[in-house]
Amino acid sequence: MHLQIRMKEPGKCPICGMDLIPVAQSNTSSVDPEAIHMTKDAAQLANVLTTTVTKNKPVKEVRLYGKIQADERLYQSQVSHVPGRIERLAINFTGEPVIKGQVLADIYSPELITAQQELLETVKTKQLQPELYEASREKLRQWKLTDEQIAKIESSGVIQNNFEVLSNTSGTVTARRVNTGDHVSQGTVLFDIADLSKVWIMFDAYESDLQFLHIGEKLSFNLQALPGTDFKGNIIFIDPVIDPVTRVAKVRVETGNQSGKLKPEMFATGIVYSALTEYSDKVVIPKSAVLWTGKRSVVYVKLPGSEEPVFKIREVELGPMLGESYVIMSGLSEGEEIVTSGTFSVDAAAQLEGKPSMMNPMGGKTSSMPGMVMPGDEKRGYSKPVNDTSMKDMNMPGDSAKSKMN
């Protein structure tokens with residue numbers, strides 16, 4: 001970690017306490033003057049491993065996070081088709097399941113009573129004035145009375161004071177908007193009902209990942225609430241607009257939910273494996289082989305023709321990151337051998353020997369800290385400064401007390 005620390009014998013760094021790494025001082029001019037030569041023992045101690053560069057079919061792993069939501073297409077508002085007063089609610093709380101045709105509420109409606117009276121009057125003259133009879137029946141149909149209910153009124157001759165509101169769909173009540181005794185008008189929403197037999201999983205995709213996602217692509221996901229169970233679905237929609245606040249676009253996956261295990265607002269983690277066919281002729285290397293400075297990306301290539309490991313730094317151009325690997329656009333060829341483990345140790349050895357390294361591409365010796373003479377510095381050509389006042393301006397604990405005594 002502190003490259004300026006050098007000692008003749010094995011030991012620990014006096015600054016941070018880490019074990020010192022042996023520095024190979026060998027002549028590499030026969031191979032390459034800018035290459036770093038390490039003995040086999042030093043490479044083994046630094047856990048330096050190499051891998052041969054190959055061309056693989058690059059597959060991008062995109063990880064997404066999101067929530068389960070109800071299918072918006074299966075939402076339905078249950079409204080009152082006649083004006084009146086809520087006499088009774090058959091559904092009293094949200095989350096209650098309902099089936100199509102189930103009674104949801106009873107409504108007392110003076111307008112409906114008048115319409116029933118008109119029907120009973122036209123029944124008497126339907127042979128002479130069939131148009132009036134059909135018009136009175138149609139008026140009741142517009143108020144969503146079924147043919148069975150209309151026939152019952154005709155046959156009994158009894159006017160019904162309360163009208164039953166029947167559910168138009170099957171699902172789960174997500175909102176109850178009225179109470180018993182409320183006066184409602186025609187079109188007032190009584191309940192919100194959602195069919196949860198199909199649900200959406202809405203994932204957040206960062207703009208950098210959108211190029212790897214396509215409609216129709218398969219996606220596997222799991223839920224925090226159901227560990228160990230994997231689910232699958234297809235991407236059916238990708239939001240064309242980026243959210244200006246979160247900087248993400250919504251990616252929608254649709255899946256069946258007949259069992260009812262998938263509940264809205266559950267957290268989900270999805271993975272998409274996207275084949276990058278446009279990079280099929282490029283090499284792929286492990287992520288651990290790359291040293292990145294912010295501007296440059298470098299790797300250490302093992303030079304052939306030597307019994308002991310000899311490495312030389314090389315700058316590469318990175319392509320897409322594939323989970324734990326990178327696509328290399330240029331800088332490496334298939335069949336070359338690169339360092340994939342212990343890369344920082346090789347780079348540290350290069351810095352110690354003044355060879356080109358990650359932070360010092362031109363090379364050059366690294367000297368001790370100015371004003372600090374470490375053991376062995378005199379033998380390497382560093383002399384102790386005359387009238388040594390190193391660290392004279394540094395206040396140590398107790399200095400103020402000593403100055404008072406002097």
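The values are calculated or read from the model by the stated rules, or taken from the named source; none is laboratory data. Not measured: the values here are computed from a predicted model. Glycine gets a Cβ as well: all are built from the backbone with ideal geometry, and neighbour counts include every protein chain shown. Please note that ligands, DNA and RNA were not included when accessible areas were found on the heavy atoms of the full protein model with its side chains. Shrake-Rupley method; radii C 1.70, N 1.55, O 1.52, S 1.80 Å.
Quick notes on this one:
- Residue within region 320-332 that is hydrophobic (A, V, I, L, M, F, W, C), at pLDDT below 85, open to solvent by less than 70 Å² (accessible area, probe 1.4 Å) and not in a strand (DSSP E or B) present: no
- The residue that is surrounded by the fewest Cβ atoms within 10 Å (Cβ to Cβ), counting only those in region 338-358 that are among the β-branched types (Val, Ile, Thr) and within 32 Å of the chain's Cα centre (by Cα), is THR340.
- Residue within region 21-30 that is touching a residue at least 40 places away in the same chain (Cβ under 8 Å) and either within 30 Å of GLN160 (Cα to Cα) or not in a loop (DSSP other than H, G, I, E, B) (or both) present: no
- The residue that is farthest from PRO264 (Cα to Cα), among those in region 209-228 that are outside any loop (DSSP other than H, G, I, E, B) and open to solvent by less than 50 Å² (accessible area, probe 1.4 Å), is PHE212.
- Filter result for GLN186 (closer than 30 Å to TYR133 by Cα and either at pLDDT 95 or above or open to solvent by 90 Å² or more (accessible area, probe 1.4 Å) (or both)): yes
- Region 62-90: number of residues that are modelled with pLDDT of 90 or more, over 30 Å from LEU276 (Cα atoms) and aliphatic (A, V, I, L, M): 6
- SER325 under 22 Å from LYS55 (Cβ atoms), in contact with a helix residue (DSSP H, G or I) (Cβ under 6 Å, 6 or more places away or on another chain) and not acidic (Asp, Glu): yes
For (1) open to solvent by less than 30 Å² (accessible area, probe 1.4 Å); (2) without any contact (Cβ under 8 Å) to a residue 40 or more places away in the chain; (3) part of a strand (DSSP E or B); (4) within 30 Å of MET358 (Cα to Cα), each residue gets a yes or a no:
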{"site": "LYS250", "(1), (2), (3), (4)": "no, no, yes, no"}
{"site": "THR255", "(1), (2), (3), (4)": "yes, no, yes, no"}
{"site": "PRO264", "(1), (2), (3), (4)": "no, no, no, no"}
{"site": "VAL272", "(1), (2), (3), (4)": "yes, no, yes, no"}
{"site": "ILE285", "(1), (2), (3), (4)": "yes, no, yes, yes"}
{"site": "SER288", "(1), (2), (3), (4)": "no, no, no, yes"}
{"site": "LYS295", "(1), (2), (3), (4)": "no, yes, no, yes"}
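- Those residues of region 90-119 which are farther than 14 Å from ASN179 by Cα and in a loop (DSSP other than H, G, I, E, B), in sequence order: GLY95, GLU96, ILE99, LYS100, GLY101, GLN102, SER109
- Residues located in region 96-120, provided they are touching a residue at least 12 places away in the same chain (Cβ under 8 Å) and open to solvent by 50 Å² or more (accessible area, probe 1.4 Å): PRO97, ILE99, LYS100, GLN102, TYR108, PRO110, GLU111, GLN117, GLU118
- In the set (1) part of a loop (DSSP other than H, G, I, E, B); (2) touching a residue at least 40 places away in the same chain (Cβ under 8 Å); (3) open to solvent by 50 Å² or more (accessible area, probe 1.4 Å), GLU87 fails one condition alone, (1).
- Within region 232-267, the set of residues being among the acidic types (Asp, Glu) and within 17 Å of VAL62 (Cα to Cα) comprises ASP239 only.
- Cβ-Cβ under 7 Å pairs, at least 6 apart or on other chains, region 130-146 side farther than 26 Å from SER167 by Cα and in a helix (DSSP H, G or I), far side open to solvent by less than 80 Å² (accessible area, probe 1.4 Å) and among the charged types (D, E, K, R): TYR133/LYS126
- Of all residues making up region 53-68, the number that are over 12 Å from LEU213 (Cβ atoms) and open to solvent by less than 20 Å² (accessible area, probe 1.4 Å): 4
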